[in-house]
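Here the structure comes first, spelled out in structure tokens, and everything after it is commentary.
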Amino acid sequence: MSRIDDLIREHCPNGVPHMELQALFTTRNGYTPAKSVAANWTDGTIPWFRMEDIRENGQVLGDSVQHITESAVKGGKLFPANSIIVATSATIGEHALITVPHLANNRFTSLVLKDEFAEQFDIKFIYYYCFVLDEWCKNNTTVSSFASVDMTGFKKFKFPKPPLEVQT
């Protein structure tokens with residue numbers, strides 16, 4: 001038996017409940033501000049993540065290679081710190097925990113934990129469980145001009161909800 005098995009037996013004698021992704025998270029797609037508009041990219045201070053960031057700097061990120069300006073942000077709304085970006089088109093099966101307010105390109109879907117679950121989940125547990133989500137994404141793609149994840153199924157993907165002692 002492992003320490004996790006002991007914790008689950010102690011804290012979850014009837015098993016671990018699971019919740020659908022769409023119940024736990026607010027999802028938003030990333031986007032790419034027009035490259036032809038220099039004002040979107042000149043002297044930008046807002047991190048704008050793409051696959052290059054994960055490949056060059058890992059999967060827990062506090063800054064990006066490229067930055068955009070505030071004027072490039074649609075509706076002035078950034079993805080919040082401590083959200084997860086998941087590659088859901090083109091290069092499937094990658095994710096990262098982003099620790100700062102940011103935006104990401106259109107290859108990513110952002111997972112933002114809903115406020116009512118903030119005290120019930122450890123973001124690092126979610127980050128690690130996203131490796132399971134990555135595998136699901138790789139196995140549930142559609143192909144047209146490029147691969148993309150079955151987003152209907154994606155929203156129904158289930159995350160376990162063990163007590164915080166087990167998550168930690």
For this session: Quick one: which residues, 5+ away or cross-chain, put their amide H under 5 Å from the amide H of Gln66? H built at 1.01 Å from N.
Result: Trp48
For this session: Could you size up the charge dipole of the chain around its Cα centre, putting +1 on the beta carbon of Lys and Arg and -1 on that of Asp and Glu, and report it in debye to the nearest 20?
Result: 520 debye
For this session: List, in order, the whole-Hz ³J(HN,Hα) value for each residue of the stretch 122-136 obtained from phi through the Karplus relation with A = 6.51, B = -1.76, C = 1.60 and θ = phi - 60°; use x for Gly and Pro.
Result: 8, 4, 5, 4, 4, 3, 5, 5, 5, 5, 5, 4, 4, 5, 4
Exercise. Tell me, what % of the accessible area of the stretch 1-145 is carbon and sulfur with a 1.4 angstrom probe?
Worked result: 49 percent
For this session: Give the relative contact order (percent, whole number) for the stretch 26-168; include only Cα pairs under 8 Å separated by 6+ residues.
Result: 25 percent
Seminar exercise, completed: With a Förster distance of 25 angstrom and the Cβ-Cβ distance between Lys77 and Glu56, calculated FRET efficiency to the nearest 0.05 equals 0.40
Problem set entry | Sequence-distant lysines (8 or more away, or on other chains) whose Cα lies within less than 28 Å of Lys161 | Lys114, Lys124, Lys138
For this session: List the residues whose amide H sits under 5 Å from the amide H of Phe108, counting only those 5 or more places along or on another chain, with H placed 1.01 Å from N in the peptide plane.
Result: Gly30, Thr88
For this session: Calculate the length of the line joining the C-alpha centroid of the stretch 91-136 to that of the stretch 3-18, in whole Å.
Result: 24 Å
Problem set entry | Reachable lysines from Lys74, criterion Cα separation under 20 angstrom, eight or more residues apart if same chain | Lys35
Exercise. Which option, [x] 15.9; [y] 11.1; [z] 11.9, is the value of mean projected area of the Cα convex hull in nm² that was calculated from these coordinates?
Worked result: [y]
Problem set entry | Integer Hz, Karplus 6.51/-1.76/1.60 couplings in order for the stretch 104-114, x for Gly and Pro | 9, 6, 6, 7, 10, 10, 8, 10, 10, 4, 5
Exercise. So between Thr42 and Gln22, what do we pick up on full extension, going 0.36 nm a residue minus the alpha carbon distance?
Worked result: 3.6 nm
For this session: Filter the trypsin sites (Lys or Arg not before Pro) in the stretch 40-119 down to the DSSP loop ones having no more than 16 other Cβ atoms within 10 Å, then list what survives.
Result: Lys77, Lys114
Exercise. Once you list every other residue whose beta carbon is under 15 Å from the beta carbon of Trp136, what net charge do they have if Lys and Arg are +1 and Asp and Glu are -1?
Worked result: -1
Seminar exercise, completed: Checking the stretch 59-168 for chymotrypsin sites (Phe, Trp or Tyr not before Pro) in a loop per DSSP with at most 15 other beta-carbon atoms within 10 Å yields Phe146
Problem set entry | For Glu20, solvent-accessible area (1.4 Å; no DNA, RNA or ligand), Å² | 60 Å²
Seminar exercise, completed: With every protein chain kept in place and a 1.4 Å probe, the stretch 56-138 has an accessible area per residue in Å² of 44 Å²
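The values are calculated or read from the model by the stated rules, or taken from the named source; none is laboratory data. Just so it is clear, the model here is predicted, and its values are computed rather than measured. Here Cβ is always computed from backbone atoms with ideal geometry, including for glycine, and neighbour counts include all displayed protein chains. When the accessible area is computed, the model is the full protein with side chains, heavy atoms only, and any ligands, DNA or RNA have been set aside. Shrake-Rupley method; radii C 1.70, N 1.55, O 1.52, S 1.80 Å.
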